[in-house]
Amino acid sequence: MMRVALLGALAGMSIGVPLTVQAQGNTPTRPQGGEAYLRGESLEDRSQYPEAATAYRQAVSQAPTSVAAVLGLERVYAQLGRLDSLLPVLDTAIARAPRETAFRIAQLRTLRTLGYSDRMRAAFEKWRHDVPNDPSPYREFARTLIDAGFTASADTVLREGQDATGSGRDFAYELAQLRAAKGLWAPSAQSWREAVAHNAYLDQAAIFALAPTPDSVRDAVERALLAPPPTPQALHVAAALHLAWGAPRAAWEVLKTLRADSAAVAVWLDFASRAEESEAWLVARDALVAADAARPDARVAARAATDALSGDDPASAAALAANAERTLDSATVARVLLPVHVRALGALGKPADAQRVMEAYLPYLDPGQKADAGRLLAMAWVRAGDLDRARQMLTESGGDDPATEGWIALYSGNLAGARKALRPAADASVERLSAVALLERTRADQSPDMGAAFLALARGDTLGAAAKFEQAARTLPDAASLLLASAARLYDARNADAQAAAIWKIIVTTMATTPEAPEAELSWARSLRRGGHAADAVTHLEHMILTYPESALVPQARRELELARSAVPSTF
Amino acid sequence: MRLLRGIALVLMMLLPAGARAQHLLVPMDDDQSNHLKAYGLTYNALKDGAKGEWLLNYRGGSFLLPDTPEIRRRAGLDGVSVQPVDDPALAAIRSDMSGGNMDAIPLEKAPRIAVYTAPYTPPWDDAVILALRYAGIPYTPIWDEQVEHGDLANFDWVHLFHEDFTGQLGKFYLAYRGATWFQAMRQTNLDMAKKLGFANLPALKKDVADKIRQYVSNGGFLFAMCGATETLDLALAGANVDIASEFADGTPMDPNADAKMDWTRALAFRGAHLESSPYINSMSDIDGHQANVPGRRQPLGTFTLFAFSAKFDPVASMLVQDHRNVIPDFYGVTTSFMRNRLKPGVTVLADEPGAPWVKYIHGDYGKGSWTFLGGHDPEDPQHAIGNPPTDLSLHPNSPGYRLILNNVLFPAAKKKPLKT
């Protein structure tokens, strides 16, 4: 592993993959140089570089054209800062095996590392003279130049190579890299399409190179990659680029055109994982559904349903779970699908259906699973607004869960009970911490308004919850600023800028001494800037910085101020 | 003496909150939280009519400003560290300064600033514009048309960046002729040449270069970076020679161009050898690093700012005020200047010890003066076309960018007569 890494480092990131593959391809199973080589390898693994160099030198003297031994010597000389000493070894190896590409590449690499640019050029000239019509010298020299940032010179070398060999295809990879480096995005995409068609392992290099494509030419890049006839490799690159550009749906539109075979299933599953990492839940769901249809798998179906739920589409989640249940045995359903199905029905406001589903699989649940399912069902009843049934479910499922009891107490407006149950809970979720923070800000033991606000939140009614937090602020003056801030944050989360700004304004103008005031003024200013009122935003940001100089939000406010004044690029 | 200074500073700290001292010290050593915005604070105070002082070599080249609510307000907004100083404390500071290589230079007037920049250049592609915008210093963008119409006379300070005054558009034609951005750039330049009545781009740029030379000669301050340094002098010295390749003006470069150059017209350089090949991305052998030429490119090191006598050489001292003396080097179209190409009398402000090149130079020309700094972006040493812009809020203490801003404030100084 270390040797591969060293070789990669020597070769440079952009050319590491092909070189490594090539070097491995040329390495015999038992390297020439025998015992000396193996001893060198072992010493190198133990980081005993001077001793390893001696062993590799011995191996090279026994077999001067052993690629493994020469590359071993290169690695340890690089560690020892003695790469100069490798040059005569390479000269000898090249003289004896002039067609061995690995030696030539090592020579270019070494000369580049040592900064011997003129000798590097001379080595290239000699190589192309020794192997006329072979594209390798042009390709490798161009790669070296691209890697060093000399794109214009690399361009010249590649053109010479195309003229000398009469082939453009041999240079697709280098041309692709070069064009990307020069910002010629669409031509670069054309070359990448050609390169990945013949070398599928270059897909990651293509994605890496094309990811910085500016917005204005992304369509052209996509057209170049998807030009007929479509190839699976190019489709894969195009989809990955859409994902990198924050357009997961467009990525899936590209990938779904693949013929549904085992290779496509692998691509779809990989894509689904990437989409999940980007929290593009419904796109991930679609990819998983396609994969499950081509090759049914209960875990994949459950994942699709879970993603649908995460993507706020409980109806789809419930349908997917119900569908899969028809084809699976009861034990598997209970283990894999039941939780997501119950959650989905709960989210749909159908706790009775959820209860029926759970009861159907009750015999297949162990006590722990039963308690978990009971909690899910209790939350389903909470979402339906029936707190009594929720409590009943908790009792019947036999689980001892103070946190869930605390939440139900909070939903009922029993702040004292909620405070007692939620404060010591181990759960460090944002929801619990937010609830505890509010409970600590008021001395009231009962507040139906605050309970109703949290209940609305649990039922997925964000805007309703925000309105109820506003209402609760009127009845709980000791926590009013935090309740209002909670409402404003919810409006912000739902892009209800006007409502959020109105609340932030109230806090700034009437509660200027509360802990929420700096956040309120910063948020208000952000909202103003988003709305195109930069001058007003500047006024509030300046006020915030000068009024609350000790606030931890001041650095953020200064940053906003710089953006509002266009003092720094807004691309960050 | 240091004890007195310490006592004075402690007394200052004991002033009741809200009490106003007579002055605000803007420290420019490591106590400063935002060096770059400190220049903006000082500039804008001068712009509003206040007087200040530049305390050369005192705590990294600190500024002394009047203690006004507005200056305190701006400092608070920008996160610039300021320290209130009353008269006894200031006396202690002055006493401290009198014993070392330090001096106070009065700052009287905010200079009127122009930046020579093409309309197609994004504001984030020029280190000076980045610095000015971040520091909150206003400037006026100008280009060929304004220069040709004589607008330079309206400004105290003019900045040039990586304009190619030889009219060859940085010799990008061969490598980037297919790129949309290059085609647009070329067309805009050609349109401007036509509009102003010039036969080709080299002819226009040479004339613009000469107008800039006249501006300096008449008393203007010129600050140039990157490729503008080298190509301005090439355009001036080659005013009557064809120094452009065929792709730029339709005729090949004069094969005897080297011999025909008139270096008496140039500001900084002499005797340079012009790069005649259109395929080599270099203009001449003035640049020591030749960043874009394989086989010639030199590695980056660090450069060291020279120490000058604040009392006897205040101009050079102002230009090198910094909280770091050794600064990492950074590439540009022109990164450095070969020592053997400098005219006699040019003041070297920073160099790489042991290297055949220098980084930062200054000189007088006629009634004015010029300063050249090699390289493109002090905080992006390997900057390449298409790289994202530098966000200076991530580099508020950049010693490299301070050199640029020293130049901006330098014309604000009321120069004292030399004592020798």
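Each part reduced to its alpha carbon centroid, segment B:318-340 and segment B:199-249 end up 23 Å apart. Distance from the alpha carbon centroid of segment A:480-529 to that of segment A:195-218 works out to 44 angstrom. I'd like the orientation of helix B:201-217 relative to chain B: the angle between its Cα long axis and the longest Cα principal axis, in ° from 0 to 90, rounded to 10. Value to nearest ten degrees: 30. Counting only Cα atoms, the size of chain B along its three principal axes is 74, 39, 37 Å, in decreasing order. Counting lysine pairs in chain A that sit 8 or more residues apart in sequence, or on different chains, and whose Cα atoms lie under 28 Å apart gives 5. Which whole-number percent of Cα pairs in chain A have a distance greater than 43 Å? Distances greater than 43 Å cover 47 percent of the Cα pairs. The HN-Hα couplings worked out from phi for segment B:182-188 by the Karplus form 6.51 cos²θ - 1.76 cosθ + 1.60 (θ = phi - 60°) are 6, 4, 5, 4, 5, 5, 4 Hz, whole numbers, x standing for Gly and Pro.
In this structure the amide hydrogen of residue B:398, modeled in the peptide plane, comes within under 5 Å of the amide hydrogens of B:36, none closer than 5 places in sequence on its chain. For chain A, the longest principal axis of the C-alpha atoms and the axis of helix A:232-244 are separated by about 50°. For the cross-link pairs B:211/B:343; B:206/B:367; B:206/B:311; B:311/B:359; B:171/B:194; B:195/B:343, which exceed 27 Å when the distance is taken from alpha carbon to alpha carbon? Result: B:206/B:311; B:195/B:343 exceed 27 Å. The H on the amide N of residue B:219, modeled in the peptide plane, is under 5 Å from the matching H of B:367, B:368, each at least 5 residues off or on a different chain. Rounded to the nearest whole Hz, the Karplus-based 3J(HN,Hα) values (6.51 cos²θ - 1.76 cosθ + 1.60, θ = phi - 60°) of segment B:348-359 follow the sequence 8, 9, 7, 8, 9, x, x, 8, x, 10, 10, 10, with x at glycine and proline. Computed over the alpha-carbon atoms, segment A:420-572 gives an Rg to Rh ratio of 1.01, Rh here being the Kirkwood radius from the mean inverse distance.
Farthest toward the positive end of the dipole of the protein assembly as shown, out of A:457, B:306, B:199, is the Cα of B:306, where the dipole comes from beta carbon charges about the Cα centre. Look at the Cα gyration tensor of the protein assembly as shown: its axes a ≥ b ≥ c give a/c of at least 1.5 with a/b at or below b/c, and that counts as oblate. The angle between the Cα long axis of helix A:351-361 and the main principal axis of chain A comes to about 60°, on a 0 to 90 degree scale.
Each residue of segment A:331-342 is assigned a 3J(HN,Hα), and the resulting list reads 4, 5, 4, 4, 7, 9, 9, 4, x, 5, 5, 5 Hz, derived from the Karplus form 6.51 cos²θ - 1.76 cosθ + 1.60 (θ = phi - 60°), x at Gly and Pro.
Cα centroids of segment A:151-189 and segment B:360-384: 35 Å apart. Per-residue ellipticity at 222 nm computed for chain B from its helices equals -9500 deg cm²/dmol, with DSSP H segments shorter than 4 residues left out and the rest contributing -39,500 (n - 2.57).
With N residues in segment B:23-133, what two-decimal value do you get for its Cα radius of gyration over 2.2 N^0.38 Å?
Working: Rg = 15.4 Å, N = 111, 2.2 N^0.38 = 13.2 Å.
It is 1.17.
Every read-out reported here was derived from the displayed coordinates using simple, explicitly stated rules and does not represent laboratory data. Because the structure is a prediction, the values reported are computed rather than measured. Positions of Cβ are generated from backbone atoms using ideal geometry, with glycine treated the same way; all protein chains shown enter the neighbour counts.
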